[in-house]
Amino acid sequence: MTQPGEHPRDEPTPRQRLRRAPADRVPNNVFFTLLIPATFVFCGTILMYVMAGFGDPAAPINRVVDRYAFVVLIVEAGIVIAIGLIAMTIDRRRALSRRHLPEAKESLSPPACRFPSADFRSDS
């Protein structure tokens, strides 16, 4: 029986659980990384479209923005939505595949209560 604050020898400490080996780590989802610059470009296009409304309508850049910005915004919104959906789908599939692994079931189960007095369920 272990004392409060002590960990059994075969159970990793919380610090050891945080420092998992690189082989145990799940690889990063590249689509979440691609989503950041795509969203940045989308927001920049929106700002450019808004700023063009305050400028001189005869300026060449304002004419280009007025002519093409709406189409560009629709294409960029589609790209952001597509990348976001792909990223979430891949992330969900990875989470479900980890859940079905036998060694993952042990890590997903709730930890045993080490302090019996903290269990508020009644025995009756």
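Efficiency by 1/(1 + (r/R0)^6): what FRET value for Val41 and Arg15, r their Cβ-Cβ distance, R0 = 41 Å, to the nearest 0.05? E(calc), rounded to 0.05, equals 0.50.
The phi-based Karplus calculation (6.51 cos²θ - 1.76 cosθ + 1.60; θ = phi - 60°) puts the 3J(HN,Hα) values of the stretch 59-68 at 5, x, 5, 5, 5, 5, 5, 4, 7, 10 Hz, whole numbers, x for Gly and Pro. Each residue of the stretch 41-54 was assigned a 3J(HN,Hα) from its phi angle through the Karplus curve 6.51 cos²θ - 1.76 cosθ + 1.60 (θ = phi - 60°); the sequence is 5, 4, 5, x, 5, 4, 5, 5, 5, 5, 5, 5, x, 8 Hz, with glycine and proline shown as x. Once you have a ≥ b ≥ c as the square roots of the Cα gyration tensor eigenvalues for the stretch 28-100, tell me rounded if a/c is under 1.5, and otherwise prolate or oblate according to whether a/b is larger than b/c. Because a/c hits 1.5 or more and a/b exceeds b/c, the stretch 28-100 counts as prolate. What FRET efficiency comes out for the pair Leu85/Met48, r = Cβ-Cβ distance, R0 = 30 Å, nearest 0.05? FRET efficiency, Leu85 to Met48: 0.70.
Here, each number is a calculation from the coordinates, and none is a lab measurement. All values derive from a computational prediction rather than experimental measurement. Cβ atoms come from the backbone with ideal geometry, glycine included; neighbour counts cover every protein chain shown.
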